[in-house]
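The values are calculated or read from the model by the stated rules, or taken from the named source; none is laboratory data. Worth saying up front: this structure is predicted, and the values here are computed from it rather than measured. We place every Cβ from the backbone using ideal geometry, glycine too, and count neighbours over all the protein chains shown.
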Amino acid sequence: MMNTDQIKSNEPVIEINGLKKSFGQQEVLINVSLKLFNGENIAVLGKSGIGKSVLIQCIVGLLTPDDGAIIVFDKNVASLNRKELGELRQKIGFLFQSGALYDSMTVKQNLEFPLRRIKKNLTENEIEEKVNEVLENVGLADALNKMPSQLSGGMRKRISLARTIVVDPMIMLYDEPTTGLDPVTSDEISSLIIEVQKKYKTSSIIITHDIKCARNTANRIIMLSEGEVYKEGKVADFNNSTDPLIESFFK
Amino acid sequence: MKKFHPVIKVKGFATKHSIKLSEKTLAKKEAADNFLTDLADVMLFITRIIRETFSPNFEFKEFFRQCFQIGYKSLPLISITGSIMGLVLTIQSRPVLVNFGAVTLLPGMVAVSLIREMGPVITALICAGKIGSGMGAELGSMKVTEQIDAMEVSSTNPMRFLVVTRVLAATLMIPLLILYADALGILGSWAGANLKGDVSFVLFFNQAFSHVHFMDLFPAVIKSFFFGAVIGVVGCYKGYNAGRGTESVGVAANSAVVLASLLVIIVDMIAVQITDMLI
């Protein structure tokens with residue numbers, strides 16, 4: 001399998017051109033184009049309902065775009081069959097807003113679930129080691145046998161992150177990772193996002209409303225407005241902007 | 001003044017009455033379109049279930065877990081309802097048979113009634129309530145909390161893992177539960193017969209089974225498989241296609257019970273007609 005070391009840092013791992021997505025009469029994404037380069041974190045900002053989550057759901061093929069191209073690792077997502085899409089998804093980690101932990105399984109079973117299906121050649125010992133390793137990485141080694149209902153919001157997010165990184169993804173898609181968390185836990189999640197980027201050499205798209213999280217984690221920020229990319233730039237560009245829409249987020 | 005918005009413009013000929021009529025026609029057309037779309041959706045869902053059932057990497061572990069959930073965990077409820085069914089049927093029928101001097105036919109009558117009709121239909125309706133609603137609510141809440149999407153993005157086919165296992169487990173377990181309910185029903189009937197008389201266990205069962213023939217049991221078992229499949233498919237379809245809000249979980253569970261119960265009755269009617277033609 002390809003790994004991120006084989007891709008140059010100035011090469012895009014995701015390239016989106018002219019993405020369009022509507023739900024009935026409601027046009028959500030009208031013309032979105034962006035690139036995610038190898039090893040970088042980009043934060044996507046915008047008002048609620050602007051289509052930020054729709055954007056990353058289109059990337060993993062959970063939603064089908066009406067028009068435009070999404071190229072991930074030089075493959076057009078729209079042209080992949082179910083098997084090829086499954087193989088591509090193995091390289092992409094998706095952290096859901098709600099955590100999406102499987103209620104009927106313990107934390108251990110939640111982590112083993114994708115591992116047993118994606119890394120089929122691992123032995124029982126290797127699976128156990130990998131599960132323990134990621135749980136330690138997210139600071140919840142003692143939660144192994146707990147049920148998701150016994151976890152707090154922050155713990156659920158961490159376990160969900162652990163379940164995502166357990167299969168060594170090359171791209172991480174975070175859907176509002178700090179929403180609904182207190183400021184301290186939000187900072188911890190932001191730190192974890194940076195740790196994951198460094199340790200697993202991932203490239204990430206972070207969908208967020210949390211400006212602090214965007215400032216802490218992103219190498220680049222993209223702001224969406226009215227279905228299009230409104231502004232793209234470094235964190236400093238957004239901090240110094242006098243644009244009323246950007247100021248309403250950053251000041 | 002009431003305003004009428006022309007739906008179909010007919011130059012110079014559109015009257016208030018014709019506009020009203022066209023609105024009604026369009027509403028009916030939309031309802032018919034929706035019905036046909038839903039029907040096509042269900043057919044596609046069933047086709048996917050069949051295709052995924054025969055594809056490699058069958059989820060055996062989840063299938064056995066579902067068999068345990070649907071079969072073993074329904075035993076207490078089916079035990080109680082099955083035995084009460086036989087007991088009540090006996091108590092209600094006994095005075096009539098006594099009047100006709102045919103009380104010796106009681107075990108046979110109860111056994112045939114239970115095996116042919118009451119056991120399968122009542123047990124299937126109870127299963128539609130317990131198992132159908134359970135599937136609708138479970139899969140519906142998994143949809144709402146993005147667990148099905150999480151499965152999809154982690155390269156697991158949720159249709160194969162969640163739906164196929166549940167539908168197959170229901171198709172296999174519900175006929176077993178029905179046979180179990182039949183057996184307990186006859187046992188309950190023996191208890192009922194002994195409330196106002198004294199019948200030995202062996203004599204009662206000998207008399208009961210002397211009236212039961214292969215063609216009483218065989219069509220009942222076959223239709224039980226269809227009941228199981230209907231309950232499984234409806235429960236999973238409603239849950240899997242639930243909306244995004246929490247309200248849709250309740251709607252999925254509720255509509256799963258209503259539709260599954262209705263379909264059980266319809267399947268039973270068709271099965272009775274076919275059996276009647278064959279015998």
Practice problem: Identify the residue in the stretch A:78-97 that is buried (at least 22 other Cβ atoms within 10 Å of the Cβ) and of a type in the set (A, V, I, L, M) and, among all such residues, is nearest to the other protein chains (Cβ to nearest Cβ). | Solution: A:ILE92
Quiz item: In the stretch A:144-157, is there at least one residue being within 16 Å of the chain's Cα centre (by Cα), in contact (Cβ under 8 Å) with a residue 40 or more places away in the chain and within 14 Å of another protein chain (Cβ to nearest Cβ)?
Solution: yes
Quiz item: Does A:GLU188 qualify as being in a helix (DSSP H, G or I), more than 14 Å from every other protein chain (Cβ to nearest Cβ) and over 13 Å from the mean Cα position of the chain (by Cα)?
Solution: yes
Quiz prompt | Number of the condition not met by A:SER104 [criteria: (1) closer than 19 Å to B:SER155 by Cβ; (2) assigned to a loop (DSSP other than H, G, I, E, B)] | solution = (1)
Quiz item: Out of all the residues in the stretch A:43-51, is one or more farther than 25 Å from B:GLN147 by Cα and modelled with pLDDT of 90 or more?
Solution: no
Exercise. Taking the options A:ILE70, A:ILE42, name whichever one is of a type in the set (A, V, I, L, M, F, W, C) and either closer than 18 Å to A:PRO177 by Cα or within 13 Å of chain B (Cβ to nearest Cβ) (or both).
Key: A:ILE42
Quiz item: Restricting attention to the stretch B:154-207, which residues are among the charged types (D, E, K, R) and either under 17 Å from B:ARG65 (Cβ atoms) or buried (at least 22 other Cβ atoms within 10 Å of the Cβ) (or both)?
Solution: B:ARG160, B:ARG166, B:ASP182
Quiz item: What do you reckon, is A:LYS52 under 18 Å from A:THR208 (Cα atoms) and more than 10 Å from chain B (Cβ to nearest Cβ)?
Solution: yes
Quiz item: Which residue out of B:THR165, B:THR171 is under 22 Å from B:MET118 (Cα atoms), of a type in the set (Ser, Thr, Tyr), in contact with a Phe, Trp or Tyr (Cβ under 8 Å, 6 or more places away or on another chain) and part of a helix (DSSP H, G or I)?
Solution: B:THR171
Quiz item: Taking the stated definitions as given, is B:ILE222 within 22 Å of B:MET118 (Cβ to Cβ) and either out of contact with any Leu (no Cβ under 7 Å at 6 or more places or on another chain) or not in a helix (DSSP H, G or I) (or both)?
Solution: yes
Quiz item: Scanning for something surrounded by fewer than 18 Cβ atoms within 10 Å (Cβ to Cβ), hydroxyl-bearing (Ser, Thr, Tyr) and free of Cβ contacts under 8 Å to residues at least 60 places away in the same chain, does the stretch A:174-184 turn up at least one residue?
Solution: no
Quiz item: Here is a list of conditions, (1) farther than 24 Å from A:LYS21 by Cβ; (2) under 13 Å from the mean Cα position of the chain (by Cα), and A:ALA43 meets all of them except one; can you say which number that is?
Solution: (1)
Quiz item: If we scan the stretch B:94-103, do we find a residue that is in contact (Cβ under 8 Å) with a residue 24 or more places away in the chain, in a helix (DSSP H, G or I), under 27 Å from the mean Cα position of the chain (by Cα) and crowded, with 18+ Cβ neighbours inside 10 Å?
Solution: no
Quiz item: Taking into account only those residues within the stretch B:152-162 that are at the interface with another protein chain (Cβ under 7 Å from one of its Cβ atoms) and assigned to a helix (DSSP H, G or I), which is nearest to A:GLN90 (Cα to Cα)?
Solution: B:VAL153
Quiz item: Consider A:VAL131 against the criteria (1) part of a helix (DSSP H, G or I); (2) in contact (Cβ under 8 Å) with a residue 40 or more places away in the chain; (3) among the hydrophobic types (A, V, I, L, M, F, W, C): it satisfies all of them except one. Which criterion is unmet?
Solution: (2)
Exercise. Being closer than 26 Å to A:MET105 by Cβ and in contact with a helix residue (DSSP H, G or I) (Cβ under 9 Å, 6 or more places away or on another chain) narrows it down to one of A:SER152, A:SER203, A:SER190, so name that one.
Key: A:SER152
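For every residue, the table says whether it meets (1) under 28 Å from the mean Cα position of the chain (by Cα); (2) under 30 Å from B:ASP276 (Cβ atoms); (3) modelled with pLDDT under 90; (4) within 14 Å of chain A (Cβ to nearest Cβ).
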{"site": "B:LYS143", "(1), (2), (3), (4)": "yes, no, no, yes"}
{"site": "B:ALA150", "(1), (2), (3), (4)": "no, no, no, yes"}
{"site": "B:MET215", "(1), (2), (3), (4)": "yes, yes, yes, no"}
{"site": "B:PHE218", "(1), (2), (3), (4)": "yes, yes, no, no"}
{"site": "B:VAL230", "(1), (2), (3), (4)": "yes, yes, no, no"}
Quiz prompt | Residue in the stretch A:109-131 that is surrounded by the fewest Cβ atoms within 10 Å (Cβ to Cβ), counting only those that are more than 14 Å from chain B (Cβ to nearest Cβ) and within 22 Å of the chain's Cα centre (by Cα) | solution = A:LYS130
Quiz item: With respect to A:LEU245, is the statement that it is in contact with a strand residue (DSSP E or B) (Cβ under 7 Å, 6 or more places away or on another chain), surrounded by fewer than 17 Cβ atoms within 10 Å (Cβ to Cβ) and in a helix (DSSP H, G or I) true?
Solution: yes
